[in-house]
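The values are calculated or read from the model by the stated rules, or taken from the named source; none is laboratory data. The model shown is predicted, which means the values in this text are computed figures rather than measured ones. With ideal geometry, Cβ positions are generated from the backbone for all residues, glycine too; neighbour counts draw on all protein chains shown.
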Amino acid sequence: MRPPPAILTPGAEVLGYTVERQLGQGGFGTVYLARNAGQSFALKLLHLPRVGERVEREVSILLKLRHANVVGLQGYGLWPPGAPQFAVIVMEYVDGRRLDVWADEENPTARQVARVAVDVARALAASHAAGVLHRDVKEANVMVRASDGLAKLVDFGIGDYEGARGLTPDILPPGTPEYRAPEAWRFFRRHAHSPGAQYSAGPSDDLWALGLVLYALLTARKPFDGADDASFIEDVMTREPTPPHEENARVPRALSDVCMRLLAKTPETRTLSALAAVTELERALAGADTAWDVPLCDAFGEDTATTQGGRDSMDQWLRALMHRPRRGKRAPPPAAEAETTAPGTTVKAAPQPRWRSWAWAMVALALVLFAAAATLRLWTSRVERGASVRQEVAPSGESPQADRAVAPTRPEATAAAVALPATLQEDSATVTMPKNMQPLHPPSKPAKKGVGVMVRAVSTAAACTALACPGPQVRPPPPPEPCPIGALKAMAKRGIDIGDDHPAVFAEGDPRIISIGEGPVEVQVFANWEGLPDRTVLSGRSSVHDRVYVRLTWATTPQGDSFPVCLEVHAEEGPRGMAREAGDESSSRARIWTSAYVKAVAEFE
C-alpha cells in the first residue's frame with residue numbers, strides 16, 4: 001500500500017522552512033515550495049511508517065549525483081521531532097514548468113525539443129555513469145527552468161543503484177506502467193506464475209522511456225494507445241510505432257530517427273547508452289536548418305480542423321474532421337460560461353431556470369418563518385419553565401487546526417533553520433537519518449475570504465439571533481483550501497463527478513461509536529464506487545471542532561494503485577462533517593459513528 005501525502009498549509013514550518021504551496025504529489029511523497037533565509041527550496045515529505053528504507057535509498061542516490069541537469073540535494077532530516085512521522089528531503093527549487101506543461105503551453109520548435117532531450121539524456125548519462133537508474137523517466141519528472149529553458153531530471157524516489165538491497169518482492173520494480181520497456185513486459189509474461197522471479201531493470205529501460213518522452217514532445221501523441229491494458233502491452237512488445245516525421249510533417253527526419261532508435265524493441269538494437277543518445281541528438285542539432293525553428297504543432301484557433309482520410313467508409317471520411325495536434329496559449333473561456341475552481345480545471349455553469357430561483361426564494365421564506373416560530377417557542381418555554389436552552393460547544397482555547405501535519409505545538413517551540421548539508425562522500429551507499437531535530441510551531445492558514453465564507457458567517461449569526469444561542473460560540477469549521485494537484489483529473493478519470501457521494505466506513509465491522517482525534521485518518525470505500533473498488537483506502541486528516549471534519553486527499557486501491565483525490569466526509573444525514581456523540585467534550589478528540597458518506601468536491605470549503 002502506498003503512503004498518504006503529508007498535508008501542509010501555507011505558513012506551516014518544517015525544520016525551519018516556511019511552506020508556501022504544494023508543488024506536486026507522487027506515489028511516495030508530497031513536494032512543497034518552501035523558503036528559508038529568503039531562498040526557495042523544494043521540500044519532499046515521505047511518510048516514514050510506509051516508505052521505510054526508500055528514504056535512505058533516495059538520499060543515497062542524490063548524494064551520488066552532482067550534475068547541472070539533475071536536481072540537487074540540499075539537506076535531509078526527520079520531522080516532527082520527538083516522534084517523527086515524515087522524512088524530509090530538501091532539494092533545489094527549479095522555478096519553471098513540468099515538461100508536459102511546458103510543451104503544451106510553449107508549443108516548442110524541433111530545436112527547443114532537441115535541446116530539452118539533450119538535457120535529459122545528459123542527466124541519464126551522469127546517473128548511469130554513477131551506477132544509478134532513474135526507473136521513472138517521464139514528462140512529470142522533468143522540469144524546464146523558466147530563466148533559460150534548462151531541463152532537470154527530478155524525483156529519484158523509485159531509483160536504484162548498484163549494490164542496493166531490493167525493497168519489493170514484485171516481479172516488476174516500481175514504475176509507471178505506460179513507460180515500461182518491451183523487455184520488462186516480456187519478462188512479466190514469461191514469469192507471471194514463477195515464484196520469486198524478479199525483473200532487473202537496466203539503463204536501456206531509462207532509454208526506452210526517454211524515447212517515449214521524445215515521441216510525445218514531437219507529435220503531441222503517444223506512440224502506443226491500445227484499447228485496454230492487454231492490447232497496450234501487446235502493442236509495446238510487437239508493434240512498430242509510426243515514425244514521428246510521418247505522424248507530424250514538421251518533425252525533422254534526423255530527430256525522428258533518433259527517437260525511433262530509442263524505441264527499438266530490444267536493448268541490443270536500441271541506442272546503446274545515454275551518452276550515445278547525447279551524441280546523436282547533438283549531431284542532429286548541428287545539422288539543423290530554419291525548419292527546426294517552426295513550432296511543431298498548430299496554435300489554437302478555428303482554422304486548424306482538417307478532414308482526415310483512411311476511414312472505414314467514404315461516408316465516414318466525408319463527415320469526419322481531425323484536428324491537427326495543437327498547443328500554445330488558449331483563449332480564456334467567457335466569464336458567463338465558465339468558472340475556474342482549481343488550477344487547470346474549468347467547470348461550465350449552465351444558466352439556472354427561473355423556476356429554480358422562485359423555488360429557492362420559497363425555501364428561504366420558509367426558513368425565516370421556521371426560525372421565527374422556533375424563537376417564539378423557545379421564549380415561551382423559558383418563561384413557563386425557567387429552563388435554559390443548552391447548546392453543546394467545544395471548549396474555548398487555542399485551535400489545534402493550526403497544526404495540519406502532525407507537528408507538536410508548544411509555546412517554547414522555535415523554528416530551526418536546519419537543512420543538513422549534503423556532505424557525505426559520493427560513494428556512500430546508505431544514509432543514517434539524524435534523530436534530534438528542533439520542535440516546530442506551524443501557524444494557522446488564514447481563512448480564504450469569499451462569498452462562501454461570508455454566507456457561512458451571515459448564516460451562523462442569523463441562526464444564533466433566531467435561536468438565542470447562549471454562551472461562547474462553537475468553533476468554526478476548518479478554513480478553506482484547494483484540492484491536491486491532480487485530484488480532480490484522477491477522480492474524473494475514474495468516473496467520479498463533483499458532487500457524487502458514496503458510503504464509507506471508519507472501521508470495519510458493525511456500525512458503532514469510535515473515538516477519533518486530530519491528525520491522519522483513513523476510511524474505506526464500502527462496495528464499488530465507479531472506478532474505485534470496494535475496500536479502497538482513502539487517506540487524509542481529521543479536524544475536531546463543533547463537528548468532526550475529515551478531508552481525504554489520497555486513495556489506494558486493494559490492487560495497490562494510488563492517486564490523489566478530493567473528498568469530504570459527510571454524515572449519513574447529509575451535513576458536512578460528522579456529529580460529535582456524547583461522551584467526549586475535549587477540543588482534540590471526539591466520538592463519532594463509524595458509517596458515513598464521502599463526497600467528491602472541487603475544493604475544500
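Residues checked against (1) free of Cβ contacts under 8 Å to residues at least 60 places away in the same chain; (2) surrounded by 15 or more Cβ atoms within 10 Å (Cβ to Cβ); (3) more than 32 Å from the chain's Cα centre (by Cα):
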| position | (1), (2), (3) |
| --- | --- |
| Glu246 | yes, no, yes |
| Pro252 | no, yes, yes |
| Cys259 | yes, yes, no |
| Thr266 | no, no, yes |
| Val278 | no, yes, no |
| Leu285 | no, yes, yes |
| Asp293 | no, no, yes |
| Ala299 | no, no, no |
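Out of curiosity, is Arg97 at pLDDT below 95 and either of a type in the set (Lys, Arg) or assigned by TED's automatic domain parsing to the domain that holds Leu43 (or both)? So Arg97 does not fit the description; no.
Considering only the range 487-508, state which residues are of a type in the set (Gly, Ala, Ser) and touching a residue at least 24 places away in the same chain (Cβ under 8 Å). Within the range 487-508, Ala487, Ala490, Gly495, Gly499, Ala504, Ala507 meet the criteria. Only one of the listed residues (Ala209, Ala220) is on the phi > 0 side of the Ramachandran plot and either assigned by TED's automatic domain parsing to the domain that holds Gly159 or over 33 Å from the mean Cα position of the chain (by Cα) (or both). That residue is Ala220.
Exactly one residue out of Ser200, Ser147, Ser194 is within 23 Å of Val31 (Cβ to Cβ) and surrounded by fewer than 18 Cβ atoms within 10 Å (Cβ to Cβ), and it is Ser147. The residues of the range 125-150 that are on the phi > 0 side of the Ramachandran plot and either in contact (Cβ under 8 Å) with a residue 40 or more places away in the chain or part of a helix (DSSP H, G or I) (or both), listed by number, are Gly131, Arg135. When each of Glu522, Glu518, Glu481 is tested for being farther than 22 Å from Glu585 by Cβ and at pLDDT below 85, the lone residue that passes is Glu481. Checking each residue in the range 45-76 for being more than 24 Å from Glu162 (Cα to Cα) and not hydrophobic (A, V, I, L, M, F, W, C) picks out His47, Pro49. Residues in the range 204-244 that are surrounded by 17 or more Cβ atoms within 10 Å (Cβ to Cβ), more than 26 Å from Arg122 (Cα to Cα) and among the charged types (D, E, K, R): Asp235 only. Do we find that Tyr76 is buried (at least 23 other Cβ atoms within 10 Å of the Cβ) and either in contact (Cβ under 8 Å) with a residue 24 or more places away in the chain or touching a strand residue (DSSP E or B) at 6+ places or on another chain (Cβ under 9 Å) (or both) in this structure? In short, yes. Does Glu585 count as surrounded by fewer than 19 Cβ atoms within 10 Å (Cβ to Cβ) and either on the phi < 0 side of the Ramachandran plot or modelled with pLDDT of 90 or more (or both)? Yes. Of the strands (runs of 3 or more DSSP E) lying entirely inside the range 484-580, those containing at least 3 residues that are farther than 30 Å from Asp170 by Cα are 501-505, 513-517, 537-544, 548-556, 562-570. Would you call Gly540 closer than 16 Å to Val601 by Cα and not aliphatic (A, V, I, L, M)? So Gly540 passes the test. For Thr109, the conditions (1) within 30 Å of Arg253 (Cα to Cα); (2) crowded, with 21+ Cβ neighbours inside 10 Å; (3) touching an Asp or Glu at 6+ places or on another chain (Cβ under 7 Å) are fulfilled apart from (2). Ser204 passes every criterion in (1) among the polar types (S, T, N, Q); (2) out of contact with any Lys or Arg (no Cβ under 7 Å at 6 or more places or on another chain); (3) not in a loop (DSSP other than H, G, I, E, B) apart from (2). Exactly one residue out of Ala129, Ala103, Ala121 is over 20 Å from the mean Cα position of the chain (by Cα) and surrounded by 20 or more Cβ atoms within 10 Å (Cβ to Cβ), and it is Ala121. Per the listing Arg35, Arg66, Arg50, the residue uniquely assigned to a loop (DSSP other than H, G, I, E, B), out of contact with any Leu (no Cβ under 8 Å at 6 or more places or on another chain) and either of a type in the set (S, T, N, Q) or surrounded by fewer than 17 Cβ atoms within 10 Å (Cβ to Cβ) (or both) is Arg66.
Among the residues of the range 525-553, the ones that are closer than 20 Å to Ser588 by Cα, small (Gly, Ala, Ser) and in contact with a Lys or Arg (Cβ under 9 Å, 6 or more places away or on another chain) come to 3 in all.
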